[in-house]
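These notes concern the structure reproduced below.
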Amino acid sequence: MQDENLPTWLPRLALHGGPRFLQIADALQAAMAAGSLQPGDRLPPQRQLAAQLDVDLTTITRAYDEARRRNLLEGRGARGTYVAAPKVELTSILDLSMNTPPPPDGVDFDDMLKQGLSQVLMRADSELLMTYHLAGGSDSDRKAGAKWLEPMFGRLDARQVLVCPGAQAAIAALILALTAPGDVILAEPTTYPGLRSAATQFGRHIIPVEADQHGMLPEMLEKACRQHQPGLVFLNPTLQNPTAITMPERRRKELAGIAQRCNVRIVEDDPYWLLAEAPPPPIATLAPEQVYYISTLSKCLTPGLRVAFVLIRDPHERERFLVALRSFALMVAPLTAALATQWILDGSADGLMEGVRKEARLRHRMARDILAGRYSGAGDGLHVWLELPAYWNSAQLARAADSEGIAVTPAEAFATGNVSVNAIRISLGSIKDRGRLQAGLQRLSHLLARRPEAFSAAVV
């Protein structure tokens, strides 16, 4: 028999009214529409409501899960379950342009964040979290960085690991520390745009080195080293941004050997190594004294963790790097660094990354099915490099996509010289909802199948 003191929003359950969990979820939705439940209202605990309604706990759990699926409720950990504020869609753009990790299915990120911060505040002096710190990270932060890098390098001396406010800051500091104005930096013909931005600001010149389906060509690198005497070589060898190529181990060994023979240093920017399926060892394992290795949390976990780890073996080079870093970015925000350290050391980071990895692979399967013969991705990572049919050029296609509410990134954004490829990069993680991602990919597939003149005529 049902309790007489039921919440006012909840009607009596009908015997023939369909599944009871759906009746409860429908009642919640109706109460919110009527205003008898307001955002922020706390709902009864599940066991209490089960007793009041004389149903089993599983029914209430399913009802609350269904209500969450409809974005009606939000869990706040030990504090209980609350009516959620209505979600407002601020933009109709389907953003396939930003390389961010996809939200992993089944991970309560809000709860994970609250628990992580709670642990940080219990274990750390709050005053230390709100003051200046020396660049390079605390001993604990460096130990966390060494643990993060263990899959790539095995056990490391934590003193060789420096903590930076993101990979872009690390790249900029390496350019400042290791090169002089007017120096040449060698890179592949299409590469991470942040390199070009930093090099331009600092008065360095990027010269492209020819690449093939396995990455930078060894013979062309050696020729460029002898011709230009570069200050640095920049490589992104695993799931390269933007081409998604993973350089095989043999090619990595060849490039490492050339760097040693020509006495040139390599910046190995490797944000996607932990997302790749069985990637080869980093180049930094093959020429440890020649290579500066960067790994960031922003591409594996979440962009809000502006933390990157830089492996520099030589102590004098580490000091030069820190001097350069301090000239524009004194430190990682201590609270951010402490949260990253907490997650790495307690295993939360591994769990989140595994969820991101699974979600990314699911989205690659979706892209492969929708884009059919045009898909040429590796099946992992965060993006697809899509070569275009001859009747489209990348800038034209990007403009056409934008007019249909889709953002993609054309090849020009990644070019280190003249654009040599007709392609766009599609990022699979920036749209949170899979259904909206599917809609964006389908809309893009339809656009690719049309010729520009047909599109122009339709617009007119």
Checklist outcome for this item: The number of residues in region 192-212 that are of a type in the set (Val, Ile, Thr) and within 13 Å of GLY231 (Cβ to Cβ) is 2
Checklist entry - Of the residues that sit in region 75-119 and are β-branched (Val, Ile, Thr) and more than 21 Å from GLY355 (Cβ to Cβ), which one is modelled with the lowest pLDDT? => result THR91
Item to check | Of residues in region 382-405 being assigned to a loop (DSSP other than H, G, I, E, B) and of a type in the set (A, V, I, L, M, F, W, C), the one surrounded by the fewest Cβ atoms within 10 Å (Cβ to Cβ) | outcome: ALA390
Checklist entry - Quick check, is GLY215 more than 18 Å from GLY194 (Cα to Cα) and in contact with a Lys or Arg (Cβ under 6 Å, 6 or more places away or on another chain)? => result yes
Checklist entry - Given GLY351, GLY373, GLY304, GLY379, which one is open to solvent by 40 Å² or more (accessible area, probe 1.4 Å), part of a loop (DSSP other than H, G, I, E, B) and not polar (S, T, N, Q)? => result GLY304
Next on the checklist: Would you confirm, using the coordinates I've provided, whether LEU311 is in the same structural domain as ASP157 (by the TED database), under 22 Å from GLU150 (Cβ atoms) and within 12 Å of the chain's Cα centre (by Cα)?
Outcome noted: no
Next on the checklist: Considering only region 329-338, I want to know if a residue exists there that is part of a loop (DSSP other than H, G, I, E, B), within 19 Å of ILE431 (Cβ to Cβ), out of contact with any strand residue (DSSP E or B) (no Cβ under 8 Å at 6 or more places or on another chain) and open to solvent by less than 60 Å² (accessible area, probe 1.4 Å).
Outcome noted: no
Checklist entry - In this structure, is SER118 of a type in the set (Gly, Ala, Ser), open to solvent by less than 70 Å² (accessible area, probe 1.4 Å) and touching a residue at least 40 places away in the same chain (Cβ under 8 Å)? => result no
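Residues checked against (1) open to solvent by less than 70 Å² (accessible area, probe 1.4 Å); (2) free of Cβ contacts under 8 Å to residues at least 12 places away in the same chain; (3) under 24 Å from the mean Cα position of the chain (by Cα); (4) more than 22 Å from ALA78 (Cβ to Cβ):
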position: PRO103; (1), (2), (3), (4): yes, no, yes, yes
position: GLY106; (1), (2), (3), (4): no, no, yes, no
position: MET130; (1), (2), (3), (4): no, no, no, yes
position: ALA144; (1), (2), (3), (4): yes, no, yes, yes
position: PRO151; (1), (2), (3), (4): no, no, yes, yes
Item to check | Those residues of region 411-460 which are among the polar types (S, T, N, Q) and at pLDDT 90 or above, in sequence order | outcome: THR416, ASN422, SER427, SER430, GLN438, GLN442, SER445
Next on the checklist: If I filter region 215-247 down to residues being under 26 Å from LEU176 (Cα atoms) and among the polar types (S, T, N, Q), which single residue comes out as surrounded by the most Cβ atoms within 10 Å (Cβ to Cβ)?
Outcome noted: THR238
Checklist outcome for this item: Of the conditions (1) hydroxyl-bearing (Ser, Thr, Tyr); (2) assigned to a loop (DSSP other than H, G, I, E, B); (3) touching a strand residue (DSSP E or B) at 6+ places or on another chain (Cβ under 7 Å), the single one that SER298 does not satisfy is (3)
Item to check | Residue list for region 406-429, restricted to those being assigned to a loop (DSSP other than H, G, I, E, B) and open to solvent by less than 10 Å² (accessible area, probe 1.4 Å) | outcome: LEU428, GLY429
Checklist outcome for this item: Only one of (1) without any contact (Cβ under 8 Å) to a residue 24 or more places away in the chain; (2) within 23 Å of ASN241 (Cα to Cα) does not apply to HIS316, and that is (2)
Next on the checklist: Kindly evaluate LEU134 against the criterion of being open to solvent by 70 Å² or more (accessible area, probe 1.4 Å) and either part of a loop (DSSP other than H, G, I, E, B) or at pLDDT 90 or above (or both).
Outcome noted: yes
Next on the checklist: Pairs needed: first member in region 266-280, free of Cβ contacts under 8 Å to residues at least 40 places away in the same chain and of a type in the set (D, E, K, R); second member anywhere, open to solvent by less than 20 Å² (accessible area, probe 1.4 Å) and in a helix (DSSP H, G or I); C-beta distance under 7 Å; at least 6 residues apart or different chains.
Outcome noted: GLU268/ILE283; GLU268/ALA284
Next on the checklist: Which of the numbered conditions does LEU96 fail, given that it passes all the others? Conditions: (1) open to solvent by less than 30 Å² (accessible area, probe 1.4 Å); (2) under 20 Å from LEU13 (Cα atoms).
Outcome noted: (2)
Checklist outcome for this item: Expected single match for under 29 Å from the mean Cα position of the chain (by Cα), under 17 Å from GLY435 (Cα atoms) and open to solvent by 30 Å² or more (accessible area, probe 1.4 Å) among ARG76, ARG70 is ARG70
Checklist entry - Scanning for something in contact with a helix residue (DSSP H, G or I) (Cβ under 7 Å, 6 or more places away or on another chain) and either within 23 Å of ILE424 (Cα to Cα) or of a type in the set (Val, Ile, Thr) (or both), does region 219-234 turn up at least one residue? => result yes
Checklist outcome for this item: Within region 248-268, residues touching a Leu at 6+ places or on another chain (Cβ under 7 Å) and either within 26 Å of GLY355 (Cα to Cα) or open to solvent by less than 10 Å² (accessible area, probe 1.4 Å) (or both) come out as ARG252, LEU255, ALA256, ILE258, ILE266, VAL267, GLU268
Checklist entry - Is it the case that region 130-147 has a residue that's more than 28 Å from PRO271 (Cα to Cα) and in the same structural domain as THR302 (by the TED database)? => result yes
Item to check | Count of residues meeting criterion [assigned to a loop (DSSP other than H, G, I, E, B) and either under 23 Å from THR179 (Cβ atoms) or polar (S, T, N, Q) (or both)] in region 248-288 | outcome: 8
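The values are calculated or read from the model by the stated rules, or taken from the named source; none is laboratory data. Fair warning: this is a prediction, and the values are worked out from it, not measured in the lab. Counting neighbours? That spans all protein chains shown, and the Cβs are built from the backbone with ideal geometry, glycine included. Surface accessibility is based on the protein's heavy atoms, side chains included, excluding ligands, DNA and RNA. Shrake-Rupley method; radii C 1.70, N 1.55, O 1.52, S 1.80 Å.
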